[in-house]
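The values are calculated or read from the model by the stated rules, or taken from the named source; none is laboratory data. This structure is a prediction, so every number in the text was calculated from the model and none was measured. Every residue, glycine among them, receives a Cβ derived from its backbone with ideal geometry; neighbour counts consider all protein chains shown.
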Amino acid sequence: MNAKKLMGFAAFLLVVFVFVPMFISATGRWDFYYTLTSVALLSVGAAGVWLTFYIGRINIGQGAYALVGGYVSTILVTQAGVSFWLTLPLAGLFCAFISVLIGFPILRLRGVYFAMVTLVLTEVARLSALALPITNGAKGITSIPQPGELSLFGLTIIPAFGSLSNPRVGFYVMAVVLMIITYLVLWRIVNSRLGHLCRSLQQNEELSASIGVNTAYLRLLAYAISSFFGGIAGAMFASIAQSIYPSSFVVADSVNFMLYCFLGGLGYVFGPMLGTLLLYFGWDLLSIAKEYQLLIYSGVMILLMLVLPNGVLSLLDKKESRA
Amino acid sequence: MTPILQIKNITKRYGGLTAVNDVSFDVNKGEILSVIGPNGAGKSTLFKLISSFVPATSGEVLFNGTRISSLAPHKVAQMGVVRTFQETTIFRSMTVRENIIVSHHLRSKASLFGFFIGTKQAKEDEAAFAASADNIVDFLGLQAIRNELASNLPQGHLRALGMAIGLATDPKVILLDEPFAGMNHDETMKMVNLVRRLRDERGVTVLLVEHDMPAVMKISDRIVCINFGQKIAEGTPKEIRENDKVIEAYLGSEDAAIGM
């Protein structure tokens, strides 16, 4: 079983670091690098949303944390001259910190009530970004310098992006590495006691409390980890786009983060990753349908929810049980 | 010897309605004490008050002399006072064994972060939980359904699973919520046996709320009877059976009160 997992992981690495670049250089579709970088980063944010689903909360507010993370990193880089690589975890930690402050009151809510409040959060973040002096209002912050060199004990781990002949490849590799780390962490959480307790919380909060689980603390912890992922995704996005605006992440993005999870499957750790890939590419492919794009897209989504309520990955389960 | 659990003048009002009114009694270590009363007498509320799932309006509950009535439910469980629920309250999409293993949470020596990075202590904990879960499965006779998904279980097994979840926390006092409800005679007798073994073999003090008079008479060391939120009698099954107020409370169902 473990060998099988390692094989799967190796195959995944082979695909993302060898086959994809080969395919792109063969077809000359360099823009795919940008698309896949977006997919990787969005799936980092979706991983966080998935974790809040795992404790039984519908989170439609990840866009807020992505936006905050983007601004925190950008402001630190442009105004304080901090290295981007240091601002990346700082952005995540800052988001985790404010998510604790926000989560403390709102995580008492359940079901649609929690979902509604989180939906509002995205709008609050956007309006705050418009109003605060430090975020430069609607004009946003542009011309963010590219990430510099990251070196440890004089050893260069990541070269300065400005010096790369093709920074797109650099961003792609960076985003995929971030995604892999995120999902390894998520996988480990789910398969450790922490994840088991989250599941107990999702299935019955009262019973969970009666077996001695500090449910309020666990909810906050899961939400903070979730927001951490949102923050680093946003920070990375801002750095790649070299700009950030209040409208960089809006309510639609928050909703999309949630849809990625639904589509991939709420019961599967790698569900949001697959969901992001399918939905992001699916939307792009549907652009050939022009004005019917949204109609077809929504229709397919509804159909998928009816036919595969447990997500695309539930197809694998059925095959296994039949065999 | 001080009682393991002391309920002191506990009162709960919901608006103008007094659900539990100034009830006091003690539970001694190692006894099986039942709380009985007609429908709507306030038994369930009393139960929630003791496990701290609802806050009391006044009065207090002491466990080994320490006040537990204002603590969060998980703190009460941590101290060793654990409640079970009626059958639908289980972790539905886990197997029986997973239900029991996850409920060992209070016995963790490793931190959550320790579990995350997989320290030696965490691995020892998980191994101990698995062994203890198997032990509980054997104790309750759930071997045949150990890998069954909880949502697929019939009622009788769900009740046993609820008890298993409670046992996994290693309680000093277990509060059983209507353990015999909806059971036929044979099932009830099995459950009576099980509750006795809980006390005899595991040394758990049992406080239960129940309707089933014959079972209560058979199992209890002492009985507390409440009606309209007030305690009307307390004593051995024999004393309760002969108590006029109790018979009156069960108006028209004297035979039920007299039971076996």
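Before moving on, here are some points about what is shown:
- Any chance A:R168 is within 14 Å of chain B (Cβ to nearest Cβ) and basic (K, R): no
- Restricting the stretch B:207-238 to residues that are without any contact (Cβ under 8 Å) to a residue 40 or more places away in the chain and either among the charged types (D, E, K, R) or assigned to a helix (DSSP H, G or I) (or both), the residue that is nearest to B:D26 (Cα to Cα): B:P237
- Some residue of the stretch B:6-21 being under 30 Å from B:P237 (Cβ atoms), among the small types (G, A, S) and more than 11 Å from chain A (Cβ to nearest Cβ): yes
- Number of positions in the stretch B:23-70 that are touching a strand residue (DSSP E or B) at 6+ places or on another chain (Cβ under 6 Å) and not in a loop (DSSP other than H, G, I, E, B): 23
- Residues in the stretch B:98-107 that are of a type outside the set (K, R) and either facing chain A (nearest Cβ under 7 Å) or outside any loop (DSSP other than H, G, I, E, B) (or both): B:E98, B:N99, B:I100, B:I101, B:V102, B:S103, B:H105, B:L106.
- Selection status of A:S314, out of contact with any helix residue (DSSP H, G or I) (no Cβ under 6 Å at 6 or more places or on another chain) and within 24 Å of A:G70 (Cα to Cα): no
- Some residue of the stretch B:151-174 being over 23 Å from the mean Cα position of the chain (by Cα), more than 11 Å from every other protein chain (Cβ to nearest Cβ) and farther than 19 Å from A:L201 by Cβ: yes
- The residue list B:T84, B:T95, B:T89, B:T66 contains one member that is surrounded by fewer than 22 Cβ atoms within 10 Å (Cβ to Cβ), within 13 Å of another protein chain (Cβ to nearest Cβ) and within 29 Å of B:V27 (Cα to Cα), which is B:T89.
- Residue check, B:R199 out of contact with any Lys or Arg (no Cβ under 7 Å at 6 or more places or on another chain) and either within 15 Å of B:I136 (Cα to Cα) or crowded, with 21+ Cβ neighbours inside 10 Å (or both): yes
Per-residue answers, yes or no, for (1) in a helix (DSSP H, G or I); (2) exposed (fewer than 15 other Cβ atoms within 10 Å of the Cβ); (3) at pLDDT below 95:
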residue: A:L86; (1), (2), (3): yes, yes, yes
residue: A:C95; (1), (2), (3): yes, no, no
residue: A:L119; (1), (2), (3): yes, no, yes
residue: A:E123; (1), (2), (3): yes, no, yes
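- Assessment of the stretch A:273-293 against the conditions (in a helix (DSSP H, G or I), in contact with a strand residue (DSSP E or B) (Cβ under 7 Å, 6 or more places away or on another chain) and crowded, with 22+ Cβ neighbours inside 10 Å) yields no matching residue.
- Residues of the stretch A:206-230 that are at the interface with chain B (Cβ under 10 Å from one of its Cβ atoms), assigned to a helix (DSSP H, G or I) and buried (at least 19 other Cβ atoms within 10 Å of the Cβ): A:L207, A:S208, A:A209, A:S210, A:T215, A:L218, A:L221.
- Residue list for the stretch B:117-150, filter: within 27 Å of A:W187 (Cβ to Cβ), under 23 Å from the mean Cα position of the chain (by Cα) and assigned to a helix (DSSP H, G or I): B:F129, B:S132, B:A133, B:D134, B:A150
- Restricting attention to the stretch B:12-22, the residues that are part of a strand (DSSP E or B), more than 15 Å from B:C225 (Cα to Cα), out of contact with any helix residue (DSSP H, G or I) (no Cβ under 9 Å at 6 or more places or on another chain) and not charged (D, E, K, R) add up to 2.
- Verdict on B:I219 being touching a Cys at 6+ places or on another chain (Cβ under 6 Å) and either surrounded by fewer than 19 Cβ atoms within 10 Å (Cβ to Cβ) or at pLDDT 90 or above (or both): no
- Among residues of the stretch B:69-81, those that are more than 7 Å from every other protein chain (Cβ to nearest Cβ), polar (S, T, N, Q) and under 18 Å from B:R107 (Cα atoms), counted: 0
- Residue that is farthest from B:K48 (Cα to Cα) [pool: residues in the stretch A:161-179 that are crowded, with 17+ Cβ neighbours inside 10 Å and out of contact with any helix residue (DSSP H, G or I) (no Cβ under 7 Å at 6 or more places or on another chain)]: A:V173
- Residues in the stretch A:47-57 include none that are farther than 21 Å from A:C95 by Cα and of a type in the set (F, W, Y).
- Restricting A:A80, A:A66 to those that are closer than 20 Å to A:V251 by Cβ and of a type in the set (A, V, I, L, M, F, W, C) reduces the list to A:A66.
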